[in-house]
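*Asks:* Dropping the structure in here first, questions after.
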Ligand code: COA
C-alpha cells in the first residue's frame, strides 16, 4: 500500500490516540526539546480512564503534570534523570528514580528489563518516501519506538528533519496525530566571570583537531567562547546547543580531523533555540544517532583527540565525583557523563574534564570537599576521573597518589576553603600539606 494511504488510516485525534494507552502500561515518553507535548496533554486529560500508568523519561523540559500531587492514582513517574519538574516528586516519594548510564537505556528496553508497552514520540512530517525524522531528540526515543508494542507519534511540521540514523517509516507507527507547534527552546545560559575563567582554563587543554563532547549549562557554553582561535575542531557529543552553531559558522568546527564520521558532527539530542533547530534542518553535516551508539564508550574511543567536558555537584579530595545529587536529594542523573569519561579513557589521546565553579550557594559552600555529603553518590569514580578544572586552575589526577590528588585538588579550591581543606589533608595523610 502507498505510504500516504497508510498515513491516512493511522491518523487520529489526540483524544483517541491516548485511548490506546491502557491501565498498568509502561509508557516511554520522548524528552528534552522533543517532548510530545500535545500527546502528553491529551494523556493527562484522559487520566480518569487510567490506573497506574508508568511514565518513563529522562530530561523533562515540560511541566510534568503527570508527576504532580493528585496524579498518583493515574500515573507513576519513573525518571532516569531528575529535572526541574520531576525532582520534587522523586523527593517526596510520589515518583521513582532509576539509575542508568545513558548509553544503556535502549538496552533496558531491548532486554525487557523495562518493557515498552507504549512509546509516545514526536517526529517531523514524512518525506516523499514516508520517513519521519526524530528531529531534535533521537537518544532513547528512537529505540523506545523500535521496541514498543504500540507507537503513538505526534507528527509536527515544525520539527526539523535531522539526518543520520534518525528516521522511522510511517508503517512502523501505530497511531499518529498531526500538530504544528514550536519546538521547546532553551535560551543560552548567562555566563559570568567565574564561568569565563573556567572556560578559559578548559580551552587551554583543547588542542587543534580535537573532537569535543560538551555537557549542558553555562560552563560548556563558556568553553566555546574561548575556542575561537582553534582549528579544525570536531563534535561527537550526546547533546549540543546554540554555541556550536556559532563555531561552525566561524569555521572553527570543521570535523575535518575526525577519525570517526569525518566531516560530520555526531549528536544524539539537541537543546537550544530556533537558531540551532534551523541549522540542523536537512543539514547533512550534522547526523543524529540513538544514544546506544553515540554514547557507547566503544564508539567514543574511536575518535581522535576526544575531549569530554562535564560538570558536577561535588568532588572529594580523592577525586570521587558526585554529579547528580545533593546529599540524598536526586537533582539530575548519570546522563552521559560516565559514558564519555570511560570512552575517553579507553582512547589513546583523549582527555576527560570535569569543570566546576569552586563554590556553590553564592560562595558559602566549597564544591571541593574532604568527604562527599552523607547520601551523595559517586557518579564518576576516582579511578575513572582525570582532569578537574575550576576558575582557580587545573588538577590532573590520573597517575597521582591519593595524597597528590588531594594536593592538586586543594590547590584549585576557593581561597576561603583552602585552610580547612589543608587541615583535613593533614588529618587524612598524617603529613604537612
Ligand atoms: N552543594 C549544594 N548545592 C549545590 C552544590 C553543592 N556542592 N553544587 C550545586 N548545587 C546546587 C546549585 O546551587 C543549584 O541550585 P539551584 O538550582 O537551587 O540554584 C543546583 O545545585 C544546580 O547546580 P548548578 O551549578 O546550577 O547546575 P548546572 O546547571 O551547572 O549543572 C550538574 C550541574 C552537575 C547538575 C549537571 O552538570 C549534571 O546533571 N551532570 C550530570 C550529568 C552529565 O554530566 N551529563 C553530561 C551530558 S549532558
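*Asks:* Consider the stretch 400-419. How many of its residues are within 16 Å of residue 363 (Cβ to Cβ) and in contact (Cβ under 8 Å) with a residue 24 or more places away in the chain?
*Replies:* Qualifying residue count for the region: 5.
*Asks:* Turning to a different aspect of this structure: Got at least one residue in the stretch 85-101 being at pLDDT 95 or above, closer than 25 Å to residue 177 by Cβ and assigned to a loop (DSSP other than H, G, I, E, B)?
*Replies:* In the first step, residues of the stretch 85-101 are kept if they are at pLDDT 95 or above; the result is 85-101.
Subsequent filtering for residues that are closer than 25 Å to residue 177 by Cβ retains 85-86.
Narrowing further to those that are assigned to a loop (DSSP other than H, G, I, E, B): 85-86.
The answer is yes, given that some residue of the stretch 85-101 is at pLDDT 95 or above, closer than 25 Å to residue 177 by Cβ and assigned to a loop (DSSP other than H, G, I, E, B).
*Asks:* Turning to a different aspect of this structure: In the stretch 283-301, which residues are farther than 11 Å from residue 102 by Cα, touching a residue at least 60 places away in the same chain (Cβ under 8 Å) and part of a loop (DSSP other than H, G, I, E, B)?
*Replies:* Once the filter is applied, which keeps residues that are farther than 11 Å from residue 102 by Cα, touching a residue at least 60 places away in the same chain (Cβ under 8 Å) and part of a loop (DSSP other than H, G, I, E, B), the stretch 283-301 yields 283, 284, 289.
*Asks:* Somewhere in the stretch 256-279, is a residue in a loop (DSSP other than H, G, I, E, B), modelled with pLDDT of 95 or more and within 16 Å of the ligand (Cβ to nearest atom)?
*Replies:* yes
*Asks:* All but one of (1) assigned to a helix (DSSP H, G or I); (2) touching a helix residue (DSSP H, G or I) at 6+ places or on another chain (Cβ under 9 Å); (3) surrounded by fewer than 14 Cβ atoms within 10 Å (Cβ to Cβ) hold for residue 417, so report the exception by its number.
*Replies:* Failing condition for residue 417: (3).
The values are calculated or read from the model by the stated rules, or taken from the named source; none is laboratory data. Bear in mind the structure is a predicted one, so any value in this text is a computation, not a measurement. Neighbour counts run over all protein chains shown; Cβ positions are idealised from the backbone, glycine included.
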